[in-house]
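The values are calculated or read from the model by the stated rules, or taken from the named source; none is laboratory data. Since the model is a prediction, treat every value here as computed from it, not as a measurement. Quick reminder, even Gly has a Cβ in these numbers, built from the backbone with ideal geometry, and neighbours come from all protein chains shown.
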Amino acid sequence: MSSYEKFHYKNYIGSLEFSEADSLFHGRIMGITPFISYEGGSIDDVTEDFHNAVDEYLEFCVDTGKKPEISNPNTAPTAIF
């Protein structure tokens with residue numbers, strides 16, 4: 001069983017799920033074309049990994065000269081149970 005929530009960082013929306021089977025939090029950046037995921041064993045760990053994923057995506061965009069996509073809040077569901 002897993003529950004689904006979301007959180008925000010620098011105009012990006014991240015999903016947040018917990019897998020009881022794996023005892024692991026995980027998610028992905030919502031509302032952008034690239035599939036960027038993150039995980040952690042605690043809320044603090046997954047939050048840090050989400051922030052790192054956003055920062056690395058933005059850094060990648062600067063390095064490659066691509067305009068970064070911004071999460072579209074209309075494409076990110078708020079809760080699924």
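Quick notes on this structure:
- Qualifying residue in region 45-54 (condition: loosely packed, with under 11 Cβ neighbours inside 10 Å, among the hydrophobic types (A, V, I, L, M, F, W, C) and either part of a strand (DSSP E or B) or modelled with pLDDT of 95 or more (or both)): no
This table checks each residue for (1) surrounded by fewer than 18 Cβ atoms within 10 Å (Cβ to Cβ); (2) acidic (Asp, Glu); (3) part of a loop (DSSP other than H, G, I, E, B); (4) touching a residue at least 12 places away in the same chain (Cβ under 8 Å).
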{"residue": "Phe7", "(1), (2), (3), (4)": "yes, no, no, yes"}
{"residue": "Gly14", "(1), (2), (3), (4)": "no, no, no, yes"}
{"residue": "Glu17", "(1), (2), (3), (4)": "yes, yes, no, yes"}
{"residue": "Phe25", "(1), (2), (3), (4)": "no, no, no, yes"}
{"residue": "Ile29", "(1), (2), (3), (4)": "no, no, no, yes"}
{"residue": "Tyr38", "(1), (2), (3), (4)": "no, no, no, yes"}
